[in-house]
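Colleague: Got a structure for you, written out below as structure tokens; questions coming shortly.
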Amino acid sequence: MIILIHGGEGYLVDRAARDLLQPLRNGLTLEFNYEDIQADTLNADAFAEKAGTLPFIDALRVLVLRDWGLLAGKRDKGAGAERAAAYLTGTPDSTHLVLVAHALVAPGNPIYKVVAAMEREKRARIQRYEPPRRSDRAGWVRKLAEERGLTITPLAVRLLLERSQPDLRLLDQEIVKLALYSSPSTRIDDEAVRSLVSDSREEEIFALTDSLASGRPGEVASVLQSLLDDGREPTWLLYTLAVSYTHLRAHE
């Protein structure tokens with residue numbers, strides 16, 4: 001079986017890989033039959049050797065390739081991605097191959113094409129994870145809290161999203177800190193968020209006002225686009241800039 005786990009939301013990619021690999025690894029008699037590789041520079045021939053290695057005692061061998069350079073589309077000599085794709089079709093049934101990529105794999109990648117074809121034949125599976133949409137972030141905060149046996153009030157959810165970057169890994173880390181802060185209670189409220197989670201918006205607006213003061217339009221556009229990509233509302237940016245400008249004029 002071949003499984004490709006990929007996408008732009010690294011936290012979800014890692015969760016999916018962990019949930020898949022833990023029972024597979026626990027089911028092995030020998031650690032020898034489990035190999036987990038950071039595969040940035042793994043070439044096609046080395047892949048063929050590893051994928052073709054037969055298990056010892058166990059009926060299955062698990063091979064994990066993380067962020068494989070050939071799968072990520074990095075330039076290589078000798079049409080490595082094409083050769084690796086050809087080797088992939090000959091992977092023995094005794095090898096459980098797991099490909100983990102912390103970015104979207106291009107559909108045109110030769111390796112991806114083979115995995116997609118094998119998925120149609122029920123010999124492979126592709127799992128894709130992208131950052132949640134803005135409308136789904138509150139649900140994810142509640143889910144992350146519930147997974148740790150916690151409840152979080154609606155106001156606390158909104159405040160946490162306002163004060164944190166829209167990154168699930170960072171949000172999960174904040175929830176861990178809030179859980180410790182609120183212990184022994186299992187309820188996280190807005191007071192806990194105000195006490196523990198610093199408001200990153202002030203730092204963001206400083207970055208934007210500094211870029212405006214620099215007189216370099218390219219820098220301004222870069223900072224502004226970064227804030228928009230992070231989910232900051234245009235109306236909030238306009239309002240905060242106006243307040244900041246008024247504050248500066250008052251102190252001149």
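The values are calculated or read from the model by the stated rules, or taken from the named source; none is laboratory data. On a predicted model such as this, the values are computed, not experimentally measured, just so you know. In this analysis, Cβ positions are derived from the backbone assuming ideal geometry, glycine residues included, and neighbour counts consider all displayed protein chains. These area figures cover heavy atoms from the full protein model, side chains too; ligands, DNA and RNA do not enter into them. Shrake-Rupley method; radii C 1.70, N 1.55, O 1.52, S 1.80 Å.
Colleague: Accessible surface of residue 129 in the full protein assembly, 1.4 angstrom probe, to the nearest 10 Å²?
Modeller: For residue 129, the solvent-accessible surface is approximately 60 Å².
Colleague: For segment 44-106, what is the relative contact order in percent, using Cα pairs closer than 8 Å and at least 6 residues apart in sequence? Working shown, then result.
Modeller: Working: 71 pairs, mean separation 32.5, N = 63.
Result for segment 44-106 is 52 percent.
Colleague: Can you give the percent of C-alpha pairs in segment 31-82 whose distance is more than 19 Å?
Modeller: 31 percent
Colleague: A further question follows. What does the extension gain come out to for residue 162 and residue 74, with contour length at 0.36 nm per residue minus their alpha carbon separation?
Modeller: 28.0 nm
Colleague: A further question follows. Which of the peptides 122-128, 136-142 is most tightly packed, and how do the rest follow, going by the mean number of other Cβ atoms within 10 Å of each residue?
Modeller: 136-142, 122-128
Colleague: If you don't mind, there's one more thing I want to ask. What accessible surface, in Å², does a 1.4 Å probe find on residue 2, ignoring ligands, DNA and RNA and rounding to the nearest 10?
Modeller: 0 Å²
Colleague: Here is a follow-up. Over 10 Å intervals from 0, what percent of Cα-Cα pairs in segment 108-161 sits in each interval?
Modeller: 20, 30, 15, 23, 11
Colleague: Quantify, in whole percent, the carbon and sulfur part of the accessible surface of segment 109-179 (1.4 Å probe; protein heavy atoms only).
Modeller: Carbon-and-sulfur percentage of accessible area, whole number: 49.
Colleague: Now for a different question. Take each of the peptides 99-110, 30-41, average the number of other beta-carbon atoms within 10 Å over its residues, and list them starting from the highest.
Modeller: In decreasing order of mean packing, 99-110, 30-41 become 99-110, 30-41.
Colleague: Oh, and also: Let me understand segment 40-147 better: what is its radius of gyration from the alpha carbons, and its Dmax, in angstrom?
Modeller: Every Cα atom of segment 40-147 included, Rg and Dmax give 16.6, 50 Å.
Colleague: If R0 is 30 Å, what FRET efficiency do you get for residue 123 and residue 143 from their C-beta distance, rounded to 0.05?
Modeller: Working: r = 32 Å, r/R0 = 1.06.
It comes out at approximately 0.40.
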